[in-house]
Every structure is written in C-alpha cells, then in structure tokens.
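Working notes for the structure below.
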Amino acid sequence: MLVVGLFLLFGMISFYYVRTNLLTSGLYPVEETLLEAGYTKTKTGFRKKDANVIIDIQWNAKTKVFDKNHYRFKAHQETTFWKKTYVDKETLERLTNGQLSNQYGFVQYTKVNKKDWLRVSPRLIAHAGGTVREKEYNTKYTNSLEALRQNYNLGHRLFEMDFNLTSDKKLAAVHDWHHFGNKDDVAPSSKEWKKFQGYGSPETPSRFTTMLIGDVFDQMIINRDMVLVTDIKSMEISKEDRITQFKELVSEANKRDKELLDRVIPQIYHQEMFGEIESIYPFKHVIYTLYASPDSGEEVLDFIAKHKEIEAVTVPIDDSRLTPKFIEQVHKLGKRVYVHTIQTYESLTKYAAINVDGFYTGLLTPQDMAVYESVSK
C-alpha cells in the first residue's frame, strides 16, 4: 500500500509539475479554458449564448484551427498532455474575447471590453466590409456576411460599411438601392431585404448574405475585437432620415449589449452632423470624412481641434487638402489621417511615405501592411 501511495503521490506531483510548466510557458488547456469562459461542451465542440447570439466553437486537430461561427483562429502552438489539447494563450484569448491567467495551476478567465479602439486598431479599414475573394472574381461593395467573415479571417478588425434605410425605416447594410437592390432605386422592406441575395461590384453570378444593422452587431458580439466604421449617406438624405438612422443603430445595439457602441465609429460628413449624432448618443470615437465636406483645410483643423471625440480625418486620395502640411497639422492635434480608397501595395507605400496613418482598402490585408512596416524600418 505504501508503494502504491508513493507511486500515486509521485504521479500527482509530476502531473502538477508538467501542467504548471505548460501554463507558465503560455500553453493553456482548451477544454478547461472554454468552460471557464462560459462555454458548455457539446457533441461537436463547445457552445455559448452571448446577448442572445449562439456561438459554436469546434477544434480541428489536423489543421490546428478553431472554427467559431465560420471565423477561423489558427493556433500558433499546440501540444497534447494526458489526452488534453493545450494551445497558446494568445490564440485562446482572441478566440474567447478575454484574458487568461493561472493561479496555482488553475486557469482563470476575465472577459475583456476594450475601450480605446481607434488607438489600438490596425492601420487598415476594410472598405464596404472588404472585398470577397473567389476563384474567378474579386467582388467589392457587398457589405455582406461573407465579406465580414473572409476579411476577419485575413486579419482585418476595422470594417467600414455602408448603410441605408429600408422602406420600414430599418437600417440595411447596402451601398445604395439602385445598384445593389432591385435595380429600381426603391428601398425594399427589411423582411424583403433579408430574403434578398445581394450583388457585388462588378456584378457576378455570386450572391451574398444581406444584413441589417442588428446582424452586423451579432457578428461584433461573436468577435469583440471587431470595430464598425459607419458610412451613412447623410449628404443624400434628409436630416430626419439621418436622425432615424442613428436612432435605429443605437436602439439595435442597446437590445444586445451597450458595449457595442464603444466599437462603433461614426463618420460625419459636415460639421452640423456631429451635433446631430452626439445628441442621440455620445459616441467616443468619430471620424470626419471629407469627400462631401466644403470645409477648407484650415476650417477642418479648427473644427476637429474643438472636439476630442473626432480622432481622425479621412481624405480622398485625390483631394487637394491632402498635403504633407495638413497631415502634420492634424498630427499636432493628436489625431490621425486616413485616406480612401487604395487597392495596391504601390499606393500603400506612396501615402505611407507622407505619414498617412491608415488606409481604407478592399484588397490589401494586414499581412501586406506588416510587410511594408517590416521593410520600412
């Protein structure tokens, strides 16, 4: 009995020693981590309900990839200990939208709600949800679920999306009703839009999953590092409709999780619009995009200096206000300059060379940005 007891004690000590070393090295047990993060084990993986959104996670041991509602998270490191899979902490934290630590060999999980999104975000903004890449086509302007999934998987975290009102005053992710609706420039109802198979540009045989603002927010609940930049065509609609749009946006966010609004960055197109949206909700991060603004460079600088919430200015690449001096003056105010829309590495290097901070793009990926930054040091 004594020998058996010593053997068991030695086994327990060895187990604890190896497990503690794994945790210390940054490898965490998948099952225990997901259970700590509030998931329950299912026949095929793990499941959790967050703000009424069902989140399913499966682990593919062959490819070393997690699938979370069709978003992919590839493990950087992986090992097996006592028939349990251990994966690197960084991947698990991104997967679970949380922070991991260990206390005396036990996994601890803390949900993370980041606040200062624009300051910590990547330099690329996926334009209209990003281009959908297929074998034969590169399709832009879909504002679709497929665009979000594919471009998130490519590393994007900031997504600019176009919105217009449906006939029943719901907010639809669509660039316009003439080219991307029924081709009659008439807004469908929200139910009709949800049943509609969306087009892209150029129009191809492919059709895409349409979304309302609530569907976009559901994706932001699944991935709490996803940030939305709104492109609401305010210059083309009445003030009443503009206010309706933002009230609908705030209402749909509040139905789910008010924290979502910290990850919404409205674009304003003229000075009056800032007061309109701030009276609806005090957005913490705002971008002043200049393609429809009549302001001179000096007027832009004066206006953004008065409002700390305006953290960036977006300028078309062919705009006369986009000068090295203007960029320098914006930087002196502690704010950023973005440009739109670039699709080539050549354009990226051209505008990065004059100290532009970020870029709206359909085709470039964070990997392209990383290549540029690695060779430009």
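The values are calculated or read from the model by the stated rules, or taken from the named source; none is laboratory data. Nothing here was measured: the structure is a model prediction, and the numbers come from that model. Every residue, glycine among them, receives a Cβ derived from its backbone with ideal geometry; neighbour counts consider all protein chains shown. The accessibility values were calculated without ligands, DNA or RNA, using every heavy atom of the protein model including side chains. Shrake-Rupley method; radii C 1.70, N 1.55, O 1.52, S 1.80 Å.
Table for the structure above
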| read-out | value |
| --- | --- |
| Scan of region 257-279 for residues that are within 23 Å of the chain's Cα centre (by Cα) and open to solvent by 30 Å² or more (accessible area, probe 1.4 Å), ordered by number | D257, K258, E278 |
| Pair list, Cβ < 7 Å and 6+ apart or interchain, from region 353-376 residues that are in the same structural domain as R123 (by the TED database) and among the polar types (S, T, N, Q) to residues that are open to solvent by 20 Å² or more (accessible area, probe 1.4 Å) and not in a helix (DSSP H, G or I) | T361/T341; T361/Q343; T365/L154; T365/G155; Q367/G155 |
| Exclusive hit being touching a His at 6+ places or on another chain (Cβ under 9 Å) and under 22 Å from T289 (Cα atoms), set D241, D185, D231 | D231 |
| Strands (runs of 3 or more DSSP E) enclosed by region 196-308 - at least 2 residues per element that are of a type in the set (S, T, Y) | 286-289 |
| Meets criteria (modelled with pLDDT under 95 and over 21 Å from D231 (Cβ atoms)) for Y345 | yes |
| Test: residue in region 181-195 that is over 21 Å from L249 (Cα atoms), of a type outside the set (K, R) and either touching a strand residue (DSSP E or B) at 6+ places or on another chain (Cβ under 7 Å) or in contact (Cβ under 8 Å) with a residue 60 or more places away in the chain (or both) | no |
| One residue from T204, T230 being open to solvent by 10 Å² or more (accessible area, probe 1.4 Å) and either β-branched (V, I, T) or on the phi > 0 side of the Ramachandran plot (or both) | T204 |
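Let's see how each residue does on (1) touching a Pro at 6+ places or on another chain (Cβ under 7 Å); (2) open to solvent by 10 Å² or more (accessible area, probe 1.4 Å):
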| residue | (1), (2) |
| --- | --- |
| K43 | no, yes |
| K48 | no, yes |
| D56 | no, yes |
| H76 | no, yes |
| Y86 | yes, no |
| L95 | no, no |
